[in-house]
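Asks: Would you mind keeping the following structure in view while I ask a few things?
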Amino acid sequence: MNLINVNNLNFHFNNNKVLDNINININSDEFCVITGPNGSGKSTLLKLILNILEGNSGEILVKNENIKKIKSIDLAKTISYVKQNFYETSNLTFTVKEIIEMGRYPYKSGFFSLSKEDRDIIDRYIQFTNLWDIKDRQFCKLSGGEKQRVIITKALVQDTDIIVLDEPLANLDMYYRVEFMELLTYLNKNLNKTVIIVLHDINLTIKYAKRIILMEKGKIKFDGDKDNIIKEKILEDIYKLKFDIIENEIGKYIFPKKNQFNFKFGGDKL
């Protein structure tokens, strides 16, 4: 089932073409990683899919309905969004549970109050993401990994079919990066969540993605599975680097070759 259709989408900002004729179909249960160099339009594409920005031409359909006709409150029942670096907002004095409760806002009208169903959903996801023991702690006092787990839990209690994440691994150490990707994989496989995530780490992309979309200068340069992106060596064309590919019983890994840059400091003295 097609959940999102992006058709002939163009976006300009200050007379600069940011996205150029983008066409994407996202199906249910996909785990799709969007990657590419800085400034390639990845985050802008997400914001258009979320109706935060409006394209100059083309259309976006969510469950076969034009996104321009969908009320924001209704869109929030279909797509949840984990913003880039949101967890770094260290001055939030709300408790963990209070932050997560905010994820139920699409289902309330008027004065915000939680129903028994809301509370049951919230408690279930807090336990699922192993936050129960810290649910009453202030958000600002958590580690980066704990904060990110709170934010994904807030997205989960929205109870949406689609989760969109913009570089959620930024500034996380290796443990929390792997934990976060394993959590998303579980949500995709076991809870049938469609995951659309922007990542820069190519090896995590290859390890976890079912589908990879590679962008450069506002265009889609590759859209397919991880084996083909390695075979076609398109990464070398996009990143202007040479790579070594290492394959073992665990999988395939890509590393940039050493000594690709020549640095020379001129002059006799520093």
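The values are calculated or read from the model by the stated rules, or taken from the named source; none is laboratory data. Bear in mind the structure is a predicted one, so any value in this text is a computation, not a measurement. Heads up, the Cβs are rebuilt from the backbone with ideal geometry, glycines too, and the neighbour counts pull from every protein chain shown.
Asks: So, N130, is that one among the polar types (S, T, N, Q), under 24 Å from I254 (Cβ atoms) and surrounded by fewer than 21 Cβ atoms within 10 Å (Cβ to Cβ) or not?
Replies: no
Asks: Let me ask you something else. So, of the residues in segment 143-167 that are without any contact (Cβ under 8 Å) to a residue 60 or more places away in the chain and part of a loop (DSSP other than H, G, I, E, B), which turns out to be farthest from S28 (Cα to Cα)?
Replies: S143
Asks: Is it fair to say D227 is out of contact with any Gly (no Cβ under 9 Å at 6 or more places or on another chain), assigned to a helix (DSSP H, G or I) and among the charged types (D, E, K, R)?
Replies: yes
Asks: Can I ask one more? Among the residues of segment 210-219, is there at least one that is under 17 Å from the mean Cα position of the chain (by Cα) and basic (K, R)?
Replies: yes
Asks: Would you mind finding the one in D29, D20 that is touching a Gly at 6+ places or on another chain (Cβ under 6 Å), of a type in the set (D, E), surrounded by 14 or more Cβ atoms within 10 Å (Cβ to Cβ) and assigned by TED's automatic domain parsing to the domain that holds G224?
Replies: Exactly one of D29, D20 is touching a Gly at 6+ places or on another chain (Cβ under 6 Å), of a type in the set (D, E), surrounded by 14 or more Cβ atoms within 10 Å (Cβ to Cβ) and assigned by TED's automatic domain parsing to the domain that holds G224, namely D20.
Asks: Checking S72 against (1) surrounded by 20 or more Cβ atoms within 10 Å (Cβ to Cβ); (2) farther than 29 Å from L235 by Cα; (3) without any contact (Cβ under 8 Å) to a residue 60 or more places away in the chain, which single condition isn't satisfied?
Replies: Going through the list (1) surrounded by 20 or more Cβ atoms within 10 Å (Cβ to Cβ); (2) farther than 29 Å from L235 by Cα; (3) without any contact (Cβ under 8 Å) to a residue 60 or more places away in the chain, S72 breaks only (1).
Asks: Taking the criterion of being within 17 Å of the chain's Cα centre (by Cα), free of Cβ contacts under 8 Å to residues at least 12 places away in the same chain and surrounded by 14 or more Cβ atoms within 10 Å (Cβ to Cβ), would at least one residue in segment 79-98 satisfy it?
Replies: No: zero hits.
Asks: Next question, about the same structure. Tell me yes or no: at least one residue of segment 103-115 is within 23 Å of the chain's Cα centre (by Cα) and either more than 23 Å from V62 (Cβ to Cβ) or touching a residue at least 60 places away in the same chain (Cβ under 8 Å) (or both).
Replies: Within segment 103-115, none of the residues are within 23 Å of the chain's Cα centre (by Cα) and either more than 23 Å from V62 (Cβ to Cβ) or touching a residue at least 60 places away in the same chain (Cβ under 8 Å) (or both).
Asks: For segment 124-142, what are the residues that are among the aliphatic types (A, V, I, L, M) and either part of a helix (DSSP H, G or I) or in contact with a Cys (Cβ under 7 Å, 6 or more places away or on another chain) (or both)?
Replies: Within segment 124-142, I126, I134 meet the criteria.
Asks: On to the next question. Inspect segment 137-159 for any residue being loosely packed, with under 12 Cβ neighbours inside 10 Å, not assigned by TED's automatic domain parsing to the domain that holds L172 and not hydroxyl-bearing (S, T, Y) and give the result as yes or no.
Replies: no
Asks: For D166, indicate whether it is in the same structural domain as I34 (by TED's automatic domain parsing), charged (D, E, K, R) and within 13 Å of the chain's Cα centre (by Cα).
Replies: So D166 passes the test.
Asks: Next up: Within segment 9-73, considering only strands (runs of 3 or more DSSP E) that don't extend past its boundaries, which have at least 3 residues that are over 22 Å from Q84 (Cβ atoms) and out of contact with any Lys or Arg (no Cβ under 7 Å at 6 or more places or on another chain)?
Replies: 16-27, 57-62
Asks: Here's a follow-up. Considering N10, N14, N5, which residue is loosely packed, with under 14 Cβ neighbours inside 10 Å and either out of contact with any helix residue (DSSP H, G or I) (no Cβ under 9 Å at 6 or more places or on another chain) or farther than 21 Å from Y208 by Cβ (or both)?
Replies: Just a single option satisfies the conditions, and that option is N14.
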